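Colleague: Here you go, one structure.
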Amino acid sequence: EKAEIRKTLRPLFEATSNDSGSAMKFIRSRVERMSERWIQAGLRMKQSSNRTSSTQMRVLLYPGALAGSVGQRFEAMVERGGPLGELVQWADLSACLTILGHNLTFSTSQRQLSSFIGAAPGRGSCPIQRPLTFDLIYTDYHGLAHLQGAMGLAFQHYQCRFRILDSFGTEPAFNLASYAHSHGYKTLWGSWGLQPLQYMTMFPHTPDNSFLGFVSEEAVRKEVREDELEPESYGKERIAVVYGKQDYMWQGKSEYVKVISEELETHATVYQPPGHASNIPSFIRNHGLLTQEHFLRLLRRAKLFVGLGFPYEGPAPIEAIALGCVFLQPRFDPPHSSDNNDFYKGKPTTRQISSQHPYAEEFIGKPYVWTVNVTNSTDIREAVRAILSTEVKSFTPQEFTCVGMLERVHGYITHQNFCSKSVPTWPPESALRVHLGPLGQSCVSVCRRSSLFCEPALFHHLNTLAAFSRLGLGCSSTVQETNHLFPSYSPWGRHCGLQLEPLLFSCAGSDLSYRRLCPCRAHLPGQVALCPDCL
Ligand code: UDP
């Protein structure tokens, strides 16, 4: 059966109606608030349809972070300033799949998970494995462990159907257990040995993974199609909103915040536990944690959204920019990484985080985003004054609109097949632009420097000696090795290295002694996940 675009989100509300936790409440209220935009976007997609239709998938959504004992802790934090970014993403993914016409089951219960996918009790101690009734299972790292517990041996057999929501990304070197172990890439999270593209990130920072994203919210303006929305400058007041839901995020930032408050009336939405004195300076107007709707209303009035340095890479700055705010954020020099930072420590990535929100910095930039050295009061003051004297309109990158997310997720569902044993066929080879990187550079940056995007699914086309000679490289010797830096060229001795293990094809890998062969491709304007002519 073909998946037909739906004109309603009712099936999703039905699928989530018997979960009354605060996380699911957040998810439902977000989907409700945005439902009109989703439906309009679906209609638009239907009209312009020249894309391949996909078969209707039976999909299980299982956010492991909301299940079991971890789930209880998470639930308790939802109304106390805990992380909401994941919930934003689960809400938008579920809405997106519903509009695309797929058949959804949404569960946050570990017990229910076992009843869906666990082995049936057999005779004696020998359970009987039933065939999996889901074509796709979206989960997270916590959920993976639950799935493994529930499925037993069938886990391996069905893992190609899993999709892992993984905000910060998992690089190939950390993903392959044996390699991670012997090469110093072992972390708390990695080592599941899935295809790297099965991990789905919040922002397009790790092209080895699939970029899932979310939809940046704007207040619903009825009867208006997304593409007809005039970017507008809302009636702005001279106010700033500080980004940071919890007290501790403000530590050591008083000088920075003070400079800002001298230029604009400064507001905050910091959760305040009843009966506790706050550490927020008295010149700040703190509203306490707001519902998402009220938070967005506040952003609408504000001119400036102020990053404190934490949380990293969340959705809020994208929303703020979509509502016409300028985002001011700290530059990190030296960059934060798993080597020097507690938050990134143990995360399966070698990324160097150059500011609180690298996507905002690199993909959006001025006039919407200002990245400054916040230890220098003069720099801050100058930036704020410059911002106050410019009129900035609202801006939403295409990939963070409903249409953008529908197209992207549709593309993945239609074309990504990790259960097939053959080499990937999407994107097609015609999309390939081979680049030879300089020493020490990863393919992520090599491609980006040419305004292209690294596409790991194209690596197998360059993993041949013919690819080296087409680049004019003569090999005095060739090795074929399990090495996340290959294929690459080593100028000393003119060694050519070919990849032996397809799971280790890596856009992220870099090393001072290698020039990487990079599979770059073009992308649609404002939508890095998709190439022109690939849908
Ligand atoms: N948010 C909210 N109330 C507030 C502040 C933020 O509902 O007082 C929402 C905001 O709209 C955003 C979400 O919280 O969509 C996640 O925000 P953030 O960027 O802080 O990411 P997190 O660290 O929570 O994952």
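A short reminder: the numbers here are calculations on the coordinates, not readings from a lab. Only a predicted model underlies this, so the values are computations on that prediction, with no experimental measurement involved. Cβ atoms come from the backbone with ideal geometry, glycine included; neighbour counts cover every protein chain shown.
Colleague: Classify region 326-461: rounded, prolate or oblate, from the alpha-carbon gyration tensor (a ≥ b ≥ c, eigenvalue square roots; a/c under 1.5 rounded; otherwise prolate if a/b is larger than b/c)?
Modeller: Verdict is prolate for region 326-461.
Colleague: Whose amide H sits under 5 Å from the amide H of Val372, counting only residues 5 or more places off or on another chain, with H placed in the peptide plane?
Modeller: Gln329, Arg331
Colleague: Could you calculate the contour length gain from Glu429 to Gln251, that is, 0.36 nm times the residue separation minus the distance between their Cα atoms, to one decimal place in nm?
Modeller: This chain segment gains 59.0 nm when fully extended.
Colleague: When N counts the residues of region 1-56, how does its alpha-carbon radius of gyration compare numerically with 2.2 N^0.38 Å, as a ratio?
Modeller: 1.34
Colleague: Oh, and also: I'd like the distance separating the alpha-carbon centroids of region 442-458 and region 246-298, in whole Å.
Modeller: Spelled out, the Cα-based centre of one part sits 39 Å from the other.
Colleague: Among all the aspartates and glutamates, which ones have a C-alpha under 19 Å from Lys253's C-alpha, if same-chain residues fewer than 8 places away are not counted?
Modeller: Glu262, Glu263, Glu265, Glu313, Asp333, Asp342, Asp379, Glu382
Colleague: Just to be sure I follow the definition: excluding the sites themselves, where is the longest run in the chain that has none of the chymotrypsin sites (Phe, Trp or Tyr not before Pro) in a DSSP loop with at most 12 other Cβ atoms within 10 Å? Please list the in-between numbers first.
Modeller: On the way: sites that count: Phe283, Trp492.
Longest stretch, sites excluded: 1-282.
Colleague: Ok, one more. Only bridges with both residues in the chain count here: give the DSSP antiparallel percent, nearest 5.
Modeller: The antiparallel fraction comes to roughly 30 percent.
Colleague: What distance in nm separates the two pseudo spin-label positions at Leu188 and Leu388, each 7 Å out from Cα along the beta-carbon direction?
Modeller: Here the modelled spin labels are 4.2 nm apart.
Colleague: How large, in Å, is region 286-364 by the Kirkwood hydrodynamic radius built from its alpha-carbon pairs?
Modeller: It works out to 13.7 Å.
Colleague: What is the gain in length, in nm to one decimal, between His461 and Thr482 on full extension, counting 0.36 nm per residue of separation less the C-alpha to C-alpha distance? Walk me through the numbers before you get to the answer.
Modeller: Working: separation 21, 0.36 × 21 = 7.56 nm, distance 1.71 nm.
Length gained, His461 through Thr482: 5.8 nm.
Colleague: Separate question: Mind checking region 48-104 for trypsin sites (Lys or Arg not before Pro) that DSSP puts in a loop (not H, G, I, E or B) and that have at most 15 other Cβ atoms within 10 Å? Display every interim value, and only then the final one.
Modeller: Working: sites: Arg51, Arg58, Arg73, Arg80; in loops: Arg51, Arg80.
Here the trypsin sites (Lys or Arg not before Pro) that fit, given the DSSP loop and packing criteria, are Arg51, Arg80.
Colleague: Please list, in order, the residues from region 149-176 whose amide nitrogen is less than 18 Å from a point placed 7 Å along the Cα→Cβ vector of Ser69.
Modeller: Answer for this model: 149-150.
Colleague: From the phi of every residue in region 422-429, what ³J(HN,Hα) in whole Hz does the Karplus formula 6.51 cos²θ - 1.76 cosθ + 1.60 yield, where θ is phi - 60° and glycine or proline is x?
Modeller: My calculation for region 422-429 gives 7, 5, x, 10, 10, x, x, 4 Hz in order.
Colleague: What are the ³J(HN,Hα) values, in whole Hz, obtained from phi via the Karplus relation 6.51 cos²θ - 1.76 cosθ + 1.60 with θ = phi - 60°, for each residue of region 526-532 in sequence order, with x given for Gly and Pro?
Modeller: Residue by residue, region 526-532 yields x, 9, 5, 6, 10, 9, x Hz.
Colleague: Which entries of Lys7/Lys245; Lys2/Lys25; Lys245/Lys347; Lys258/Lys366; Lys25/Lys393; Lys345/Lys421 show an alpha-carbon separation above 26 angstrom in the structure shown?
Modeller: Lys7/Lys245; Lys2/Lys25; Lys25/Lys393; Lys345/Lys421
Colleague: Let me ask you something else. Where does the chain land at 222 nm, in deg cm²/dmol rounded to the nearest 500, when only DSSP H runs of n ≥ 4 count, each adding -39500 (n - 2.57), divided by all residues?
Modeller: The helix-only estimate for the chain comes to -9000 deg cm²/dmol at 222 nm.
Colleague: I want to verify the translational diffusion coefficient of the chain in µm²/s; compute it with Stokes-Einstein, Rh as the Kirkwood radius over Cα pairs, at 25 °C and 0.890 mPa s.
Modeller: 100 µm²/s
Colleague: Mind checking region 374-466 for GluC sites (Glu not before Pro) that DSSP puts in a loop (not H, G, I, E or B) and that have at most 14 other Cβ atoms within 10 Å?
Modeller: Passing both the DSSP loop test and the Cβ count: Glu391.
Colleague: What is the diffusion coefficient of region 329-392 in µm²/s, taking the Kirkwood radius over Cα pairs and the Stokes-Einstein relation at 37 °C with a viscosity of 0.692 mPa s?
Modeller: 253 µm²/s
Colleague: Could you work out the local net charge near Gly42, counting Lys and Arg as +1, Asp and Glu as -1, over the other residues with Cβ closer than 9 Å to its Cβ?
Modeller: On the way: positive: Arg6, Lys7, Arg44, Lys46; negative: none.
Within the 9 Å Cβ shell, the charges total +4.
Colleague: If amide H atoms are built 1.01 Å from N in the plane of the peptide, which residues on other chains or at least 5 residues away come under 5 Å of the amide H of Tyr243?
Modeller: Those lying under 5 Å, H to H, from Tyr243 are Val306, Gly307, Leu308.
Colleague: Continuing with the same structure: P(r) for region 246-388: what percent of alpha-carbon pairs falls in each 5 Å bin, starting at zero?
Modeller: With a bin width of 5 Å, the distribution comes to 2, 9, 18, 22, 22, 15, 9, 3, 0.
Colleague: Kirkwood Rh, region 384-535, all Cα pairs: how many Å?
Modeller: Taking the inverse mean of 1/r over all distinct Cα pairs, region 384-535 comes out at 17.0 Å.
Colleague: Under the classification rounded if a/c is under 1.5, otherwise prolate if a/b is larger than b/c and oblate if not, where does region 1-100 fall, given a ≥ b ≥ c as square roots of the Cα gyration tensor eigenvalues?
Modeller: Prolate is the answer for region 1-100, as a/c is 1.5 or above and a/b outweighs b/c.
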